[in-house]
Amino acid sequence: MRIGELAERAGTTTRTLRYYESIGLLPARRTGNGYRAYGEDDVRLVRQIRTLQDFGFGLEETRPFVECLRSGHPAGDSCPASLEVYRRKLAELDDCIARLSDVRRQVGAQLAQAERARSALEAAATAPGGAPEPRCELTPHDTGRQRG
């Protein structure tokens with residue numbers, strides 16, 4: 001099949017396929033008249049790359065999976081190098097989740113503190129002789145002076 005058909009079947013663009021070829025992820029086979037020629041294995045290979053990218057893998061991280069498929073394995077993730085990439089990605093995700101959980105905890109604490117402060121202000125404003133409720137919006141400051 002030609003590059004346009006591969007792009008359509010794999011759910012990508014011809015430009016992307018040419019880029020994959022330029023960085024060595026997609027083999028470049030040419031017919032006698034110079035057209036690129038691809039087979040079913042190439043469809044599977046490009047789909048594997050696209051799936052991994054959808055999961056957040058960078059192109060270089062897909063290389064062990066591509067090499068595994070090219071070496072004849074039915075799945076690109078059955079080789080030791082692919083398994084190692086999975087392990088690294090999981091560790092990276094765990095680290096990211098931990099950082100986000102910490103940020104979420106901090107934001108939650110700030111929200112709770114702000115809600116307590118807001119409740120205290122509302123209580124003070126409704127108490128007899130209490131202060132007026134503070135304004136939370138910004139207003140332009142007019143000093144009466146003209147600029148110029």
(request) Those residues that are of a type in the set (A, V, I, L, M, F, W, C) and loosely packed, with under 15 Cβ neighbours inside 10 Å, I need them from segment 43-61; list them, please. (result) Phe55, Leu59
(message) Considering only residues that are assigned to a helix (DSSP H, G or I), more than 24 Å from the chain's Cα centre (by Cα) and more than 14 Å from Glu40 (Cα to Cα), which ones fall in segment 68-83?
(response) Cys68, Pro80
(request) Among residues belonging to segment 1-37 that are in a helix (DSSP H, G or I) and open to solvent by 70 Å² or more (accessible area, probe 1.4 Å), point out the one that is farthest from Lys89 (Cα to Cα). (result) Glu5
(message) Which condition from (1) open to solvent by 40 Å² or more (accessible area, probe 1.4 Å); (2) among the acidic types (Asp, Glu); (3) within 20 Å of Glu60 (Cα to Cα) is the one that Glu40 breaks?
(response) (3)
(message) Taking the criterion of being basic (Lys, Arg) and either closer than 28 Å to Met1 by Cβ or modelled with pLDDT of 95 or more (or both), would at least one residue in segment 62-85 satisfy it?
(response) yes
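Yes or no, residue by residue, for (1) among the aliphatic types (A, V, I, L, M); (2) over 29 Å from Gly24 (Cβ atoms); (3) open to solvent by less than 60 Å² (accessible area, probe 1.4 Å):
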site: Arg63; (1), (2), (3): no, no, yes
site: Pro74; (1), (2), (3): no, no, no
site: Glu84; (1), (2), (3): no, no, no
site: Arg87; (1), (2), (3): no, no, no
site: Ser101; (1), (2), (3): no, yes, no
site: Arg104; (1), (2), (3): no, yes, no
site: Ala109; (1), (2), (3): yes, yes, yes
(request) Enumerate the pairs (first residue in segment 24-48 and closer than 21 Å to Val85 by Cβ; second residue anywhere and surrounded by 12 or more Cβ atoms within 10 Å (Cβ to Cβ) and among the polar types (S, T, N, Q)) with beta-carbon separation below 8 Å, excluding pairs fewer than 6 apart on the same chain, so at least 6 apart or on different chains. (result) Leu25/Thr62; Val46/Thr12; Gln48/Thr62
(message) What's the total number of residues in segment 17-61 that are at pLDDT below 90 and among the hydroxyl-bearing types (Ser, Thr, Tyr)?
(response) 2
(message) With at pLDDT 85 or above, farther than 30 Å from Ala28 by Cβ and either exposed (fewer than 12 other Cβ atoms within 10 Å of the Cβ) or of a type in the set (S, T, N, Q) (or both) as the only criterion, which of Ala127, Ala131, Ala91 stands out?
(response) Ala91
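The values are calculated or read from the model by the stated rules, or taken from the named source; none is laboratory data. Remember, predicted model here, so these are calculated numbers, not experimental data. Virtual Cβ from ideal backbone geometry, glycine too; neighbours counted across all protein chains shown. Just so you know, the surface numbers come from the protein's heavy atoms only, side chains and all, with ligands and any DNA or RNA stripped out. Shrake-Rupley method; radii C 1.70, N 1.55, O 1.52, S 1.80 Å.
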